[in-house]
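Structure first, then comments.
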Amino acid sequence: VALASRASIEQVPCLWDDEFLTVGYGARGQTWPVRSLPADGDVEWASRGAIPVALVTGSNGKTTTTRLVAAMLTKAGHTVGFCCTDGVFVAGERLESGDWSGPGGARRVLRDTRVTAAVLETARGGLLRRGLSVPHASVAIVMNVSEDHFGAYGVQSVADLATVKLCVASALTNNGSLVLNGDDKTLRAVARDGDTRARRHAGHVDNIEWFSANKLPDWMPLVSEMPITHGGAAAFNVMNAIGAAYVARALGVGTDVIDKALREFGRHNADNPGRLEKFDVGGVRIWIDYAHNPDGLTALLATARHEPGVGRMGLLLGQAGDRDDDAIRELARTAWAARPDRIVVKEMHDLLRGRAAAEVPAILRDELLVAGARAEQLGASLDELSGVRLLLDWSQAGDLLVLPVHGLEARAQAIALLSELRGSGWTAPG
């Protein structure tokens, strides 16, 4: 308590949990075990302080935007730490694997004394369970809000989600920047005219920047010049790129550096693993992505339909068990709206989250049949990798397989399988 109070007086950010207390961030921070804390007079307060920190939240696009901002900061000369649903990374090194988009990931990044700038993916679950991940940040962005996770922690509407996500603005310092998606009608309405909680979150921020797909800043490359947009077909990545550019500029990155980063990021799958990764194997085009809600899946399938020269389309479909039945059915309707030729419904044993085994696949299959799918168009798999194999066995030259793979281990296995098949000279059986 004494250290936290002194840190407040010195205007130095302070982090603590059951095991450690930290004053300052990254290269300007110092950490002690809670069982052997120093007296406040023994801390070198003059050398402790903040570093540039960005908070990234929203329903879709958080991880891609986080990686984009990290790439821009790296090009600007920073040693960057970031956390996301894929893990914790510092200076290009993976320190932790798995979903670290909550407060634990933020602390892991900010306690690394190599870090001179940090980008922290900030997910809804962590905000609702444990509150803001950090007490101070330089910039925060809300990418969008969409129907997802209703019924959990009192969230019953998209407006409720917007209120939750806008709380990242409470961490901003007096000269901090809040970056918001001006094309998102709900976000715009809640940020400007929402309930007292939303107004309290954003009301103290003087510098609010609204970005739009219809207004590309003149200091950014053209859409066609940014690999991550796939020539503009990936409209969601256009928004991610614009949002990331505004965040990086608010962190002091020069527009020339931002321009260069956007012209390079996305040329290779390794730039953004698990997000619109493309493979050509045996005459089949294969996309691996993380689309996990109706809006994300809609955007992914719309991009797929822009792919030239595509024959049939196969889709892997699944959902975590913590969505309600209506949300699961909506995902099925979204999938069928793109009229894929084959859908394999997968079980995800690691994401049952209170559901019985096979319960979610049964709901998805039932809704697909109601929507108009024929029984012979549907397949079933006991896990994600098996679903990938089933679609590969079904495929023929010229097909496109769209594979939302959600587990990190399953994704690694799927990519290893594709590499093995390509190395063996496999060709599509059809």
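The values are calculated or read from the model by the stated rules, or taken from the named source; none is laboratory data. It should be emphasised that the depicted structure is a prediction, and the values quoted were computed from it without experimental measurement. FYI the Cβ positions are ideal-geometry reconstructions off the backbone, even for glycines, and counts take in every protein chain you see. Accessible surface areas use protein heavy atoms only, side chains included; no ligands, DNA or RNA. Shrake-Rupley method; radii C 1.70, N 1.55, O 1.52, S 1.80 Å.
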If the chain between A337 and S386 were fully extended at 0.36 nm per residue, the gain over the current Cα-Cα distance would be 15.2 nm
Based only on Cα atoms, what Rg/Rh ratio does the stretch 283-334 have, Rh being taken as Kirkwood's radius? 1.01
Just read off the accessible area of W45 with the full protein assembly in place, 1.4 Å probe, to the nearest 10 Å². 20 Å²
Rounded to the nearest 10, the angle in degrees between the Cα long axis of helix 408-424 and the longest principal axis of the Cα atoms of the chain comes to 50 degrees
So, taking all protein chains as they sit and a 1.4 Å probe, how much accessible area belongs to R192, in Å² rounded to tens? 130 Å²
Angle, helix 384-394 long axis vs. longest principal axis of the chain, Cα atoms, 0 to 90°, nearest 10? 30 degrees
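Please give the peptides 51-59, 287-295, 365-373 ranked by average Cβ packing (other Cβ atoms within 10 Å per residue), highest first, as a rough proxy for protection.
The peptides rank, most packed first, as 51-59, 287-295, 365-373.
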Quote the convex hull volume per residue of the stretch 1-140, based on C-alpha atoms, as a whole number of Å³. 105 Å³
Mind checking the angle between helix 235-250 and the chain's longest principal axis? C-alpha axes, 0 to 90 degrees, to the nearest 10. 10 degrees
From the backbone phi of the stretch 36-51, what are the Karplus-calculated ³J(HN,Hα) couplings (6.51 cos²θ - 1.76 cosθ + 1.60, θ = phi - 60°) in whole Hz, Gly and Pro given as x? 9, 7, x, 6, 4, x, 9, 8, 7, 4, 5, 9, 9, x, 8, 10
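Might you report the magnitude of the Cβ-based charge dipole of the stretch 272-388 about its Cα centre, with Lys and Arg at +1 and Asp and Glu at -1, to the nearest 20 debye?
400 debye
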Per residue and in cubic angstrom, what volume does the convex hull of the Cα atoms of the chain have? 146 Å³
Per residue, in Å², the accessible surface of the stretch 123-193 once ligands and nucleic acids are set aside, probe 1.4 Å: 38 Å²
Normalise the Debye intensity by I(0) for the stretch 50-125, one equal point scatterer per Cα, no solvent, then take log10 at q = 0.18 Å⁻¹ and round to two decimals. -0.57
Cα centroid distance between the stretch 299-343 and the stretch 71-138, in Å? 31 Å
Using a Förster distance of 25 Å, how high is the FRET efficiency between W219 and A302, based on the Cβ-Cβ distance and rounded to 0.05? 0.35
